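Student: I have a structure here, written as structure tokens, and I will follow up with some questions on it.
The values are calculated or read from the model by the stated rules, or taken from the named source; none is laboratory data. All of these numbers come straight from a predicted model, not from anything done at the bench. Note that each Cβ is placed from the backbone with ideal geometry, even for glycine, and that neighbours are counted across all protein chains shown. Heavy atoms of the whole protein, side chains included, go into the accessibility calculation; ligands, DNA and RNA do not. Shrake-Rupley method; radii C 1.70, N 1.55, O 1.52, S 1.80 Å.
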Amino acid sequence: MAGTPRKILHADCDCFYAAVEMRDNPALRDVPIAVGGGVDQRGVIATCNYPARAFGVRSAMPTARALRLCPDLVLVRGDFERYREVSRQIQAIFHELTPLVEPLSLDEAFLDVSEVEHFQGSATWMAQWLKAEALKRTGITISVGVAPSKFLAKIASDWEKPDGLTVITPDDVDAFITALPVNCLHGVGPATAAKLESMGIATCEDLRTWPIEPLLERFGKFGKRLFELARGIDEREVRTHRERKSVSVETTFHHDLPDLAACQDALLPLIERLAGRIERHGHPPLDKLFIKVRFSDFTLTSLECPSAIPSPALFQRLLEQAWSRAAQPVRLLGVGVRLVSADARRQLSLFESDA
Ligand code: DCP
Ligand code: MG
């Protein structure tokens, strides 16, 4: 790798939704709690605090199973608006450090602090400051990883969770990666890990003994990525401005909508708001329409279809199909459009100018 090593931070809140609930109700602090849908609605766990994790409770687990593992689990229904507000406060702290922030979800972001001169340029000191400020201003602990690349910073933030701070200096990279199990690598899920295991590859050290060709043969394009990651190579930049890929609006209802007819009534005002938003974005060319439905048990479903116009009739049809997947009361409805990508637009205009 040429040039000065970069300094990347990855910050991720600890048991985020649950942490907000514990902050706002101290009685929940030392008992196992989970945020999610109830058993009567066949709900799932969105997240749980660390005492609940000690019982084996995990995100995305059916609530019924979570209660079998931990009968004293306190179930909280969740309040996305409050989580969104805390997220905004935390993202604001990130932006006080650097404008180079890439949010990945409500509770995590990459920061490129290579050029930050405060804190004598020490990324470790910056990470300590972030943690302290987040705790002081929001009452939430975050875990931070510091490393010369995105994938290592992300692994590092997870290394000593909760309330962790793990620093991988450029000098540490080699030793750190050598011992790293391959399933820690970005993009390696259970299927890829199993395939690697069948090849006798458990750690990055094992992976490094393989030349690139057989990896390409077995994993296609991802083989190159595996080859690079095993050597600590990850040049992805922290991207602040993403190309806008979609325009959408959504509403969480105070009271769940009981049936399809109620959803259909709620759909039209949403489509109107969407039309206003598409207009404000200067009527970009559309590729697809989509609909998003969150049911009372917290499960989420979405559905899309190709269309160049935001047709209410098509949205109605998507809604019917999406709703019938669970046929339950609905807590959130969203409608949106996917935009024709800038690349595709450029190709289209080339094509048109040729004609
Ligand atoms: N979330 C969800 N459903 C999932 C996973 C997560 O609704 N299957 C929500 C709840 C989490 C939040 O997203 O609080 C952030 O996700 P994380 O994966 O960062 O998990 P946590 O912050 O809860 O825990 P950790 O301490 O492991 O980061
Ligand atoms: Mg988190």
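Student: Mind running the shape call on region 170-225? Use the C-alpha gyration tensor, a ≥ b ≥ c as the square roots of the eigenvalues: rounded below 1.5 for a/c, prolate if a/b tops b/c, oblate otherwise.
Tutor: Judged from the Cα gyration tensor, region 170-225 comes out prolate (a/c at least 1.5, a/b above b/c).
Student: Treat every Asp and Glu Cβ in region 151-279 as -1 and every Lys and Arg Cβ as +1, leave all other atoms uncharged, and give the resulting dipole magnitude about the Cα centre to the nearest 20 debye.
Tutor: So the magnitude is around 440 debye.
Student: Normalising by the residue count of the chain, find the relative contact order in percent from Cα pairs under 8 Å and 6+ residues apart.
Tutor: 15 percent
Student: Which residue, chosen from 22, 141, 175, occupies the Cα position most advanced towards the positive end of the dipole of the chain, where the dipole is computed from +1 (Lys, Arg) and -1 (Asp, Glu) charges on Cβ about the Cα centre?
Tutor: It is 22, whose Cα lies furthest towards the positive end.
Student: Normalise the Cα radius of gyration of region 20-90 by 2.2 N^0.38 Å (N = residues in it) and let me know the number.
Tutor: Region 20-90 yields a ratio of 1.07.
Student: Just from its helices, what would the mean residue ellipticity at 222 nm be for the chain, if runs of 4 or more DSSP H residues each count -39500 (n - 2.57) and the sum is divided by every residue, rounded to the nearest 500 deg cm²/dmol?
Tutor: It comes out at -12500 deg cm²/dmol, rounded to the nearest 500.
Student: Could you pull out the pairs from 245/292; 131/245; 161/245; 150/221 whose alpha carbons sit more than 27 Å apart here?
Tutor: Violating the 27 Å limit, Cα to Cα: 131/245; 161/245.
Student: With no solvent and one point per C-alpha, what does the Debye sum give as log10 I(q)/I(0) for region 191-344 at q = 0.08, 0.14, 0.15 Å⁻¹?
Tutor: Evaluating at q = 0.08, 0.14, 0.15 Å⁻¹ gives log10 I(q)/I(0) of -0.41, -0.79, -0.81.
Student: Mind checking the dipole of region 227-278: about its Cα centre, +1 per Lys or Arg Cβ, -1 per Asp or Glu Cβ, Debye to the nearest 20?
Tutor: It comes to approximately 300 debye.
Student: Right, another one. Counting only heavy atoms of protein chains, what accessible area per residue, in Å², does the chain have with a probe of 1.4 Å?
Tutor: About 52 Å² of surface per residue is accessible.
Student: Leaving out ligands, DNA and RNA, and with a 1.4 Å probe, what % of the accessible surface on the chain is carbon or sulfur?
Tutor: 54 percent
Student: Using only Cα positions of the chain, each an equal point scatterer, no hydration layer, compute I(q)/I(0) via Debye at q = 0.09, 0.10, 0.12 Å⁻¹ and quote the log10 values to two decimals.
Tutor: Calculated log10 I(q)/I(0) at the listed q: -0.66, -0.82, -1.16.
Student: If the cut-off is a Cα-Cα distance under 13 Å, which aspartates and glutamates reach residue 288, setting aside same-chain residues fewer than 8 apart in sequence?
Tutor: Cross-link targets: 304.
Student: Something else about it: Name the GluC sites (Glu not before Pro) in region 223-320 that are in a loop by DSSP and that have at most 15 other C-beta atoms within 10 Å, would you?
Tutor: 235, 237, 243
Student: Taking square-rooted eigenvalues a ≥ b ≥ c of the alpha carbon gyration tensor, is region 114-182 rounded, prolate or oblate, where a/c under 1.5 means rounded and, failing that, a/b exceeding b/c means prolate?
Tutor: Here region 114-182 falls in the oblate category.
Student: Once each part is reduced to its C-alpha centroid, what is the distance from region 4-67 to region 144-214 in angstrom?
Tutor: 25 Å
Student: Evaluate the charge dipole of region 1-140 about its Cα centre and quote only its size in Debye, nearest 20, assuming +1 on the Cβ of each Lys and Arg and -1 on the Cβ of each Asp and Glu.
Tutor: Charge dipole of region 1-140: 440 debye, to the nearest 20.
Student: Continuing with this model, one more query. Taking a ≥ b ≥ c as the square roots of the Cα gyration tensor eigenvalues, with a/c under 1.5 meaning rounded and otherwise prolate when a/b beats b/c, else oblate, which class fits region 272-341?
Tutor: Prolate.
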